[in-house]
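Undergrad: The structure is given below, and queries will be raised subsequently.
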Amino acid sequence: MGALKLEPNIVRPDDFYDALIALHRGLTPEQSAKVNAKLVLLLANHVGNMEVLKQALDAAREPDQG
Amino acid sequence: MIIVGAGPVGLAMALDWARRGREVLVLAAGDSLSEGSRAICFAKRTLEICDRLGCGAPVVDKGVSWNVGKVFRDERMLYEFNLLPEPGHERPAFVNLQQTTLEHFQLEALARTGADLRRNNRVTGVVQIRDRVALTIQCPDGEYTLSCDWLIACDGAGSPVRKMLGLKSEGQVFQDRFLIADVKMHGAAAATFRTERWFWFDPPFHRNQSVLLHKQADDVWRIDFQLGWQADPDEEKKPERVIQRIQAMLGKGVEFSLEWVSVYTFQCRRMERFVHGRVIFAGDAAHQVSPFGARGANSGIQDADNLGWKLDLILRGLAPVELLESYNAERVEAADENILNSTRSTDFITPKSDVSRTFRDATLELAAQYPFARKLVNSGRLSVPTRYADSPLNTADAEAWAPGTPGPGSPATDAPVLAGGKPGWLLRHLRGEFTVAVFAAGGEVPTELADALRYLGSLPIVVRTVFVTREGSRRTRPTHGCATLTAWLLRAMRRTARQSTCSVRTSTLPRGGGDCPRPGWGRRCAARAGPKLPSPQ
Ligand SMILES: Cc1cc2nc3c(=O)[nH]c(=O)nc-3n(C[C@H](O)[C@H](O)[C@H](O)COP(=O)(O)OP(=O)(O)OC[C@H]3O[C@@H](n4cnc5c(N)ncnc54)[C@H](O)[C@@H]3O)c2cc1C
C-alpha cells in the first residue's frame, strides 16, 4: 500500500515552479506538450508504485476537470 | 460431432478428436489451404499442443526459430530484446512459419487418421432443434443435409454459422490499414537479413508510420507497412507500388520477388459466449484480435486443446454437459486477455488522439536513452498462454504455494528429465488428460498417498501417475525441484511443474477396485490445484 503525498513535499517550491515554467520557454505548444509528457513518464517511473500513480491520475482529473 | 472450417483451429480440433479414436467429419468451404498470407508466429504453447497432436516436429523443423527482437525509431535502434530467458524447454519461444505450411502439416497428420475432410462443402444453413443441430451443405454435386449432436464452429472471423444463428461478435475496428507483403529474397539478400523481429517506428523509408520485418521459412520475409486510414487498398496493392516501397526499405541492390500482397484492417472483438446450446465456437469465429502479438491462431489452437477432452468426457457419459461452462469461462478469459494486449499494442502503434500520439512519441524518444521507457514501448506483446486464475475447475490448494511458484490454473512448464536413463522432457510425460505428478525426492511414496493414487487410477476417468524423483538429478539446491513430497494434479498440460533435472517413471498403479476410500490428502502430500473431478456415476 502506498499513499500519494498531498502535503507539501517540494523543498524549494518557488524554485521548482520557476524551473518548470522556464523549461517551456521558447517552445511551441506541440514541443511543450511533448516535454510535459516526458516529464510525466520520468516522474511516474520514479514513483513506480501503481497505487500511488493511480491516486495521482485520479487527483489530476478532479475536481474541476471532471 | 461435426467441425465446420479447416483453418488451423478446425484442423487442431479434428486432430484432437481423431486422436481419441472418434469419428471426425470436417466441412470446409474452400478447396485448398488458407487463402493468402496470414499468421507467421507460432508460440511455444502451440508447438507443445502440436506435439500432442502429432505434427509438432515438422512444424518446429521447418519453422524458423527466433529469439531476438529489435525496435528502431528513425535511423537508430532503440533497444533489443531476447525472448528465451529460461533454458530447459524442449520447444523454443516461437517459430515463424507460413500459416499455410502449418495447415499443411496438420493435414498430413490428419491424413494418417480416418478423418473425413470434405472440401468444397459449404455450410449454408444451421438450425438447432432441441439437442440436435441440422445443417444444410452446398457441395459441387448439389445440396444435402446432415444433423449432429455437437457442432464446432471454426469457420473463421466472418463465421457464417454465427451469422446464421443470429449471433454477434462485438468489439472495435481500428482505423488504420496495413499492407502485408511476403517477399522472397534471392541470392546474397537472403543472407543479409537476420532471423530477428525488426520493428520500426517512423523510419526514413516510410515516414510517420511503422514497419515490421520478420523472417519465415524458405527465405520468405514478412513485411508489414502501416498505411494509415486514408490509404486506398486497391492502389496500395498494385505490385509496382509495393515493389517501390520495398526497394526504399531494403535498398536498390536487393533481389527479391513478391509472394503475396494484401491490405488489412484489424479488429478486436469477441462473442459474448462461446457455447450456444449444441454449437460451440472456437478460433476467429469466437474471437478476433489484431495480429500484433501473434495471438489469433495461437489462441484458437488453445481453444481446441481446451475443448477436446471436455467434449470427449461428456460424450462418454463421464462428465455432465455443464463441464462446457468451463470451456466458456476459460477461453473467454483468455480471449479478453488477448484482446486487451493487442488493443494496447494497436493503440501504441496507431495512437487514437493527439495526446496519445504525444505520449507515444515521448516514450520513444526517452527509450533511445533510458531503459525504463523501453518497457513502455509496445510493438506487440507476444502470445503466452493465459493462466486460468478464476477457472471453475480450480480447487483450493491443500498448502500454500511457495512464493514465486505459478499458481492453480497455470500451464505446466517444461523441464529436462531422465526417463529410463534417457534424457527427455517433462511435458512429454504429462500429456494425459489427467495426470498426477508426484514429486518424491527419494522415490519412496507413503502408503496414504499410494492408496490415494490407486483410487484415482481406479476411476472411470483414468488418472495417470508420473513419479518425478531425484535420481540422477544435476540440481544441487534442495529447496527446488523435487526436494519435498508434493503431488500436483494436471489436466491437459496445465498446472505447473518445476524446473529441475529429475527422473521420470510413468506408471499406472494397479487398480485397487472400488473399496479405496476417497483420499483425504495427508499433511505431507498436498494436492495442488486439482480440478474437481466429475464424480463417477
Ligand atoms: C496479417 C495477419 C497476420 C497474422 N499473424 C498471426 C500470427 O503471427 N500468429 C497467430 O497466431 N495468428 C496470426 N493471425 C491470425 C490468424 O491468421 C487467425 O487467427 C487464424 O487463421 C484463425 O484460424 P481459424 O481456423 O479460426 O479460422 P480461418 O483460418 O479463417 O479458417 C476458417 C475456415 O472456415 C472455413 N469456412 C468458412 N465459412 C464456411 C462455411 N460456410 N462452411 C464451411 N466452411 C467454412 C474456411 O474455408 C476455412 O477453412 C494473423 C492474421 C492476419 C490477417
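The values are calculated or read from the model by the stated rules, or taken from the named source; none is laboratory data. Just so it is clear, the structure is predicted and the values come from calculations on it, not from any experiment. As a convention, Cβ positions derive from the backbone with ideal geometry for all residues, glycine included, and neighbour counts pool all protein chains shown.
Undergrad: Among B:396, B:450, B:368, B:402, which is the only one that is modelled with pLDDT of 80 or more, away from chain A (no Cβ under 14 Å) and surrounded by fewer than 17 Cβ atoms within 10 Å (Cβ to Cβ)?
TA: Testing whether each residue is modelled with pLDDT of 80 or more, away from chain A (no Cβ under 14 Å) and surrounded by fewer than 17 Cβ atoms within 10 Å (Cβ to Cβ) leaves just B:450.
Undergrad: Counting only residues that are assigned to a loop (DSSP other than H, G, I, E, B), within 14 Å of chain A (Cβ to nearest Cβ) and either farther than 19 Å from residue B:211 by Cα or not polar (S, T, N, Q) (or both), how many does segment B:371-393 have?
TA: 3
Undergrad: If residue B:249 satisfies every condition in (1) more than 30 Å from the chain's Cα centre (by Cα); (2) more than 23 Å from residue B:97 (Cα to Cα) but one, which is the exception?
TA: Every condition holds for residue B:249 apart from (2).
Undergrad: Counting just the residues of segment A:1-23 that are touching a residue at least 12 places away in the same chain (Cβ under 8 Å) and out of contact with any Asp or Glu (no Cβ under 6 Å at 6 or more places or on another chain), which one comes out nearest to residue B:358 (Cα to Cα)?
TA: Among those that are touching a residue at least 12 places away in the same chain (Cβ under 8 Å) and out of contact with any Asp or Glu (no Cβ under 6 Å at 6 or more places or on another chain), it is A:23.
Undergrad: Related question: Given the options B:360, B:316, name the one that is surrounded by fewer than 24 Cβ atoms within 10 Å (Cβ to Cβ) and within 14 Å of another protein chain (Cβ to nearest Cβ).
TA: The match here is B:360.
Undergrad: Continuing with this model, one more query. Taking residue B:124 as the residue in question, decide whether it is at pLDDT 95 or above and within 12 Å of the ligand (Cβ to nearest atom).
TA: yes
Undergrad: Looking only at segment B:173-213, which residues are among the β-branched types (Val, Ile, Thr) and either in a loop (DSSP other than H, G, I, E, B) or crowded, with 18+ Cβ neighbours inside 10 Å (or both)?
TA: Those that are among the β-branched types (Val, Ile, Thr) and either in a loop (DSSP other than H, G, I, E, B) or crowded, with 18+ Cβ neighbours inside 10 Å (or both): B:180, B:183, B:195, B:211.
Undergrad: Output the residues belonging to segment B:257-267 that are surrounded by fewer than 20 Cβ atoms within 10 Å (Cβ to Cβ), assigned to a strand (DSSP E or B) and within 13 Å of the ligand (Cβ to nearest atom).
TA: Across segment B:257-267, the qualifying residues are B:260, B:262, B:263, B:264, B:267.
Undergrad: Where the second residue is acidic (Asp, Glu) and part of a helix (DSSP H, G or I) and the first is without any contact (Cβ under 8 Å) to a residue 40 or more places away in the chain and surrounded by 11 or more Cβ atoms within 10 Å (Cβ to Cβ) and lies in segment B:233-245, which pairs have Cβ atoms under 9 Å and are six or more apart or on separate chains?
TA: Note: pairs meeting the criteria are B:241/B:235.
Undergrad: Now a separate question. Take the residues of segment A:19-66 that are modelled with pLDDT under 95 and outside any helix (DSSP H, G or I): which is farthest from the other protein chains (Cβ to nearest Cβ)?
TA: A:63
Undergrad: Further, regarding this structure: In segment B:11-43, how many are more than 13 Å from the ligand (Cβ to nearest atom), small (Gly, Ala, Ser) and not in a helix (DSSP H, G or I)?
TA: Of the residues in that region, 1 qualify.
Undergrad: Would you kindly identify the helices (runs of 4 or more DSSP H) lying entirely within segment B:268-369 that contain at least 1 residues that are touching a helix residue (DSSP H, G or I) at 6+ places or on another chain (Cβ under 6 Å), more than 30 Å from residue B:227 (Cα to Cα) and not aromatic (Phe, Trp, Tyr)?
TA: B:296-315, B:324-349
Undergrad: If I filter segment B:343-357 down to residues being touching a Ser or Thr at 6+ places or on another chain (Cβ under 8 Å) and away from chain A (no Cβ under 14 Å), which single residue comes out as surrounded by the fewest Cβ atoms within 10 Å (Cβ to Cβ)?
TA: Here the answer is B:347.
Undergrad: Restricted to segment B:331-342, and to residues that are touching a residue at least 60 places away in the same chain (Cβ under 8 Å) and surrounded by fewer than 20 Cβ atoms within 10 Å (Cβ to Cβ), which residue is nearest to the other protein chains (Cβ to nearest Cβ)?
TA: Across segment B:331-342, the extreme among qualifying residues is B:336.
Undergrad: Further question on the same structure: Just a yes or no: is a residue in segment B:275-284 under 16 Å from residue B:212 (Cα atoms) and either surrounded by fewer than 24 Cβ atoms within 10 Å (Cβ to Cβ) or without any contact (Cβ under 8 Å) to a residue 24 or more places away in the chain (or both)?
TA: Within segment B:275-284, not a single residue is under 16 Å from residue B:212 (Cα atoms) and either surrounded by fewer than 24 Cβ atoms within 10 Å (Cβ to Cβ) or without any contact (Cβ under 8 Å) to a residue 24 or more places away in the chain (or both).
Undergrad: Taking the stated definitions as given, is residue B:46 more than 30 Å from residue B:134 (Cβ to Cβ), touching a residue at least 12 places away in the same chain (Cβ under 8 Å) and within 9 Å of the ligand (Cβ to nearest atom)?
TA: yes
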